[in-house]
Amino acid sequence: MASGGSGEVYPTLWGFSPALDLQMHCRQSTLQYLTTCDDIPELNILLVGCGDGRHLLKTVCQARRWPHRKLHFFIIESDLELLARQMLFLTLALETSEQMGLQEKCEMFLELFGNSLVRSKTATFLQEKCGMFIRCVTDPEYQQSVLPQLDMSSIKFKERDELEYIFKFWQSPEPKLFPIERYWDVKNRQYLGRRYDSRRGAYDWDLNMKLHDHGAVMINAMDYNRWRENGVAFTIREGNYDVPNKTLASQMSVTHTAQDLSKFNITAMFHELVTGQKYSPSVLSKDEAEDNSACNVSTSRETEATIQEEVTEEKNGSTDYFMKIDNIEIHFLPLSWVNELHRRSKFLNLFNLVFFSCSMVHYLNAEYKLITARKATLIVELTKFMVDLHLDKVKSYVTIVTKVAKEAGFTTTENIDWKRDYIATFERLEDYVEEKNGH
């Protein structure tokens, strides 16, 4: 993500498309050719440059909506900070209800995900978790005992050292190490240039003429202006948001707001992860209804009882703080492998679904056909929500992506509407031609 006019490039901390349940977007023809292990179909998914782990979390949380399958995720990111943040979000999602209630989990997730400044309680939680993260990246056996669904075996020693440094930086309580308020203002000045002194008008223009025009009408002026001014996207819980969020460091009257919808969506995902049932906020106790009157989301006593039943009764020290999720494997891969996967035999003809972000699509090439399975699905993120792009470039990007996908051995199976669509879906070209010709 290049800052305005500076030429500097930073990690893409957030993606440019909504979270996807990848099983919903996987083509039916792809699902017909899954391999099986112990009579259970395996869906192998490669995610390149998602940035924030949103697709991973939504797919895992909604896995029980679909036929029983083993889900194997392989994740490549442009920067180690992004893997560190995904590790944080994964462990937060898997916190048992004995350790953290659903509402607190949701609010803490949103703070760490989208705020430049967080509450002191959230900062303390992060600092406490970093000790575990450091041990995870330096002690593989411990990591497997704590997070058995996470596979970091492909991460090299040098990268482990860098991850350890990142977590130690997060762990430090010293706010002066990351003066995010000053950094935010500097970048804001660089981006706006001469418009900085009239920035309120610039914010209003961007909101109404860009975001709303692109369909993001749930974002209201108050929340958007606050975020543009100081980087605080969510203020759900009353309190002082005054501690820098070090995980961001790197080299209408009755209409629900974007903040309300974000809280509801995250609450629904985490609820479904535990119970396996779609979230319904209709059954609330009196206390819960009062506590959540702002956006009408929480968990009922019945839900809490269900959660408690699923928590392991016997604790085995510090290694049993997280929920166990069956048939899910998450593999972190080095960025250097993004164009080397085809040289490793274990990846040949493996991936049933591949996702590329628009910030990493330049890595897509013909060699990716070697590592995809028969009838594989390719999903490429489009630039619909990159609001600084001129509409002509948004439109031409679809043509560019279609060409790149074709050169990589994939073809689109339906028309792509550059005004409406935020992703484009493709199928392996050779397989599509065979099916079309009846072979």
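Structure notes:
- A protection proxy built from the mean count of other Cβ atoms within 10 Å ranks the segments 325-336, 170-181, most packed first, as 325-336, 170-181.
- Neighbours of Cys50 by Cβ distance under 14 Å: Lys/Arg scored +1, Asp/Glu scored -1, total -3.
- Here the range 375-414 has an Rg and Dmax of 11.3, 35 Å, counting Cα atoms alone.
- Span from the the range 134-185 Cα centroid across to the the range 22-52 one, whole angstrom: 29
- Computed per residue of the chain from DSSP H runs no shorter than four, each worth -39500 (n - 2.57), the mean residue ellipticity at 222 nm is -12000 deg cm²/dmol.
- Accessible surface of the chain, 1.4 Å probe: 51 percent of it comes from carbon and sulfur atoms.
- Stokes-Einstein translational diffusion, the range 33-94 - Kirkwood Rh over all Cα pairs, 1.567 mPa s, 4 °C, in µm²/s: 102
- Dipole size of the range 90-214 about its Cα centre, with +1 on Lys/Arg Cβ and -1 on Asp/Glu Cβ: approximately 660 debye, rounded to the nearest 20.
- Size of charge dipole - the chain - debye, nearest 20, with Cβ of Lys, Arg +1 and Asp, Glu -1, no other charges: 1340
- Its Cα gyration tensor gives the range 325-372 an equivalent ellipsoid, and the semi-axes of that ellipsoid, as √(5λ) in whole Å with the largest first, are 19, 14, 11.
- In plain terms, if you count all Cα to Cα distances in the range 9-166 and split them into 10 Å steps from zero, the share in each step is 9, 35, 37, 17, 2 percent.
- For the chain, the solvent-accessible area works out to 48 Å² per residue, with a probe of 1.4 Å and every protein chain left in place.
- Along its principal axes, the range 92-211 has C-alpha extents of 55, 36, 29 angstrom, given from the largest down.
- Among Gly193, His25, Gln171 the positive-end extreme of the charge dipole of the chain (Cβ point charges): Gly193
- Remark: the range 393-402, residue by residue, has Karplus-estimated 3J(HN,Hα) of 6, 4, 5, 5, 4, 4, 5, 5, 5, 4 Hz, where x stands for each Gly or Pro and the curve is 6.51 cos²θ - 1.76 cosθ + 1.60 at θ = phi - 60°.
- Taking other residues whose beta carbon is less than 12 angstrom from the beta carbon of Glu77, and scoring Lys, Arg as +1 and Asp, Glu as -1, yields -3.
- Counted charge near Lys406, where neighbours are those whose Cβ lies closer than 12 Å (Asp, Glu -1; Lys, Arg +1): 0
- Pairs of alpha carbons in the range 340-439 whose separation is greater than 24 Å (percent): 24
The values are calculated or read from the model by the stated rules, or taken from the named source; none is laboratory data. What you see is a predicted model; the values in this text were computed from it and never measured. Every residue, glycine among them, receives a Cβ derived from its backbone with ideal geometry; neighbour counts consider all protein chains shown. Each accessible area value is taken on the protein alone, full model and side chains, heavy atoms only, with ligands, DNA and RNA left out. Shrake-Rupley method; radii C 1.70, N 1.55, O 1.52, S 1.80 Å.
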